[in-house]
Amino acid sequence: MEEAYNSVTLDPERCKGCINCIKRCPTQAIRVRNGKAHITKEFCIDCGECVRVCPHHAKKPTYDSLERIFEFKYKVALPAPSFYGQFNNLDDVNIILRALKLYGFDDVYEVAAAAEKISQLSREYIELHKDKKPFISTACPSVTKLITIRFPNLIDHLLPFVAPVELAAAYARKQAVEKTGLSPDEIGIVFISPCPAKVAAQRNPFGLKKSNIDLVVAIEKIYPKLLPLMVKTRDDAEELSQSGRIGIGWGSSGGEAGGLLVDNYLAADGIENVINVLEGLEDQKFSDLEFIELNACSGGCVGGVLQVENPYAAKAKMKRLRKYLPVSRSHVENPSDFSDVSWNQEVEYSPVFTLGENMIDSLAKMEEAQKIYARLPGLDCGSCGAPTCKALAEDVVRGIAHEKDCIHLLKEYLHRISDDLHSI
């Protein structure tokens, strides 16, 4: 199993040992031990929920610094569709794209343009493979990772396509090589990301042996750099945008599903809602659907923790921006050719939550954990540093915790000792 990459780090100086993060983590990847939070890499799906809820700003998303883009001879920016929703009174995407070039990029390739191509190919693929429906989007890496570690029975329902940013990166590098004559490694493909999950996906891509992206920078870092430059580019005539309503729509919840032009779809956002949908899908409650779009962040990518704007305000801005755009401006010549978007590596189940090394060992440890859980109060108070009593019981079996970490059992234990001492 490939070593997990975690895109969220902890600042121990800021961490106060509160339990906000352990209660909100959707995969119970965080524990508080010795007064500090600790993240289990294998359990983490890089959703950024802990970054969002930490009142002390102790959780830090990781990404590349803007200065690194100048390490390359030729630099291509890949702005995410949700990036456009960060700006007030934006009526032309070209203003942002020109500002990116003025900042120091040599060219831009919109992820929204690649998204439109994937929408077109997805429509064709789903039509040809109706026996495998419903298909689950693989655009959100947090959701894909969640399925691979917690819902193995749903892996076969994953749409086996790369995320739009990977397609955009492949096309951008190919075009840059043709335009400049430089070797591919002299060209820097830089994704402007709304969330840390995209950083993790670049380090450990799903369905790909190696990512096409060289650097991932945060929207919140480049946003203030572009504001003064956008004033200078507002009256320029250079047309750089290649996307329409469908592509930009991918930036918020429902956009990808809407781009498929089908009626039988479901779109859910927010990691808790996503889990509810996946549990329902596992119970075969949605067999009549053709497509399921799931986004870990509320509102979709506009809700990523590396954004600057309120997600609902950003969604409204994008809706206004899309109003007068053509439906789609990027198309593939052969809609039956899936070679550019298909995975080249199988996505497999990662059994990170198993308690033992094999089936027999796991069953024995599950039984042991159940006995420990029966002795615990079932309050799920989090005072032990684990999110639930069940999680503490499993930690005890794994050898990383003790029953007396539960303050209620510890209190009973101390009372017994006191009573024994008094009886002597």
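Can you confirm whether L363 is in contact with a helix residue (DSSP H, G or I) (Cβ under 7 Å, 6 or more places away or on another chain) and under 30 Å from V32 (Cα atoms)? Steps first, answer last, please.
On the way: in contact with a helix residue (DSSP H, G or I) (Cβ under 7 Å, 6 or more places away or on another chain): no; under 30 Å from V32 (Cα atoms): yes.
Here the answer is no, as L363 does not meet what is asked.
Regarding the range 277-284, can at least one residue be identified that is over 19 Å from K132 (Cβ atoms) and not in a strand (DSSP E or B)? Walk me through it before giving the result.
Initially, the range 277-284 is screened for residues over 19 Å from K132 (Cβ atoms), giving 279.
Restricting the remaining residues to those that are not in a strand (DSSP E or B) gives 279.
Looking through the range 277-284, at least one residue is over 19 Å from K132 (Cβ atoms) and not in a strand (DSSP E or B).
Name the residues in the range 285-311 that are assigned to a helix (DSSP H, G or I) and among the small types (G, A, S), would you?
At the first step, the residues of the range 285-311 found to be assigned to a helix (DSSP H, G or I) are 301-303, 311.
Hit for the range 285-311 is G303, nothing else.
So, of the residues in the range 370-396 that are of a type in the set (G, A, S) and within 31 Å of the chain's Cα centre (by Cα), which turns out to be farthest from A37 (Cα to Cα)? Lay out the reasoning, then the answer.
In the first step, residues of the range 370-396 are kept if they are of a type in the set (G, A, S); the result is 374, 378, 382-383, 385-386, 391, 393.
With the extra rule that they be within 31 Å of the chain's Cα centre (by Cα), the set shrinks to 382-383, 385-386, 391, 393.
Values: G382: 12, S383: 12, G385: 8, A386: 10, A391: 15, A393: 18 Å.
Looking at residues that are of a type in the set (G, A, S) and within 31 Å of the chain's Cα centre (by Cα), I get A393.
Would you point out which residue out of L306, L294, L289, L321 is in contact (Cβ under 8 Å) with a residue 40 or more places away in the chain and farther than 27 Å from S241 by Cα?
Working: L306 fails: farther than 27 Å from S241 by Cα; L294 fails: farther than 27 Å from S241 by Cα; L321 fails: farther than 27 Å from S241 by Cα.
Only one candidate passes the filter, namely L289.
Starting from residues that are β-branched (V, I, T) and farther than 19 Å from S119 by Cβ, keep the ones in the range 256-293 and report whichever is farthest from the chain's Cα centre (by Cα). Give the derivation first.
Start the filter on the range 256-293 by keeping residues that are β-branched (V, I, T), which leaves 262, 271, 274-275, 277, 292.
Okay, now just the ones that are also farther than 19 Å from S119 by Cβ, so 271, 274-275, 277.
Values: I271: 10, V274: 12, I275: 14, V277: 17 Å.
The residue in question is V277.
Any idea how many residues of the range 177-207 are more than 26 Å from F338 (Cβ to Cβ), in a helix (DSSP H, G or I) and in contact with a strand residue (DSSP E or B) (Cβ under 7 Å, 6 or more places away or on another chain)?
So the answer is 4.
Let's see how each residue does on (1) in contact with a Pro (Cβ under 7 Å, 6 or more places away or on another chain); (2) closer than 23 Å to E116 by Cα; (3) of a type in the set (A, V, I, L, M):
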| site | (1), (2), (3) |
| --- | --- |
| N153 | no, no, no |
| D156 | no, no, no |
| V162 | no, yes, yes |
| V165 | no, yes, yes |
| L182 | no, no, yes |
| I187 | no, no, yes |
| V216 | no, yes, yes |
| S243 | no, yes, no |
| G254 | no, yes, no |
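Pick from D214, D283: which is in the same structural domain as H157 (by TED's automatic domain parsing) and at pLDDT 95 or above? Let's see the steps before the verdict.
On the way: D283 fails: at pLDDT 95 or above.
None of the others qualify; the one that does is D214.
State whether the residues of the range 128-143 include one that is part of a helix (DSSP H, G or I), among the charged types (D, E, K, R) and crowded, with 22+ Cβ neighbours inside 10 Å. Write out each step before concluding.
Keep residues of the range 128-143 that are part of a helix (DSSP H, G or I), which gives 128, 130-132, 141-143.
Among the residues that remain, those that are also among the charged types (D, E, K, R) are: 130-132.
Checking the rest, the ones that are also crowded, with 22+ Cβ neighbours inside 10 Å come to none.
Checking the range 128-143: not a single residue is part of a helix (DSSP H, G or I), among the charged types (D, E, K, R) and crowded, with 22+ Cβ neighbours inside 10 Å.
Going by the conditions given, is L306 over 18 Å from the mean Cα position of the chain (by Cα), more than 13 Å from G254 (Cα to Cα) and not acidic (D, E)? Let's see the steps before the verdict.
Working: over 18 Å from the mean Cα position of the chain (by Cα): no; more than 13 Å from G254 (Cα to Cα): yes; not acidic (D, E): yes.
So L306 fails the test.
Looking only at the range 173-230, which residues are among the small types (G, A, S) and surrounded by fewer than 17 Cβ atoms within 10 Å (Cβ to Cβ)?
Answer for the range 173-230, where residues must be among the small types (G, A, S) and surrounded by fewer than 17 Cβ atoms within 10 Å (Cβ to Cβ): G181, S183.
Among the residues that make up the range 295-309, is at least one of them surrounded by 19 or more Cβ atoms within 10 Å (Cβ to Cβ), farther than 22 Å from I222 by Cα and not assigned by TED's automatic domain parsing to the domain that holds R52?
yes
The values are calculated or read from the model by the stated rules, or taken from the named source; none is laboratory data. Quick caveat, the model's predicted, so the values are computed rather than measured. Quick reminder, even Gly has a Cβ in these numbers, built from the backbone with ideal geometry, and neighbours come from all protein chains shown.
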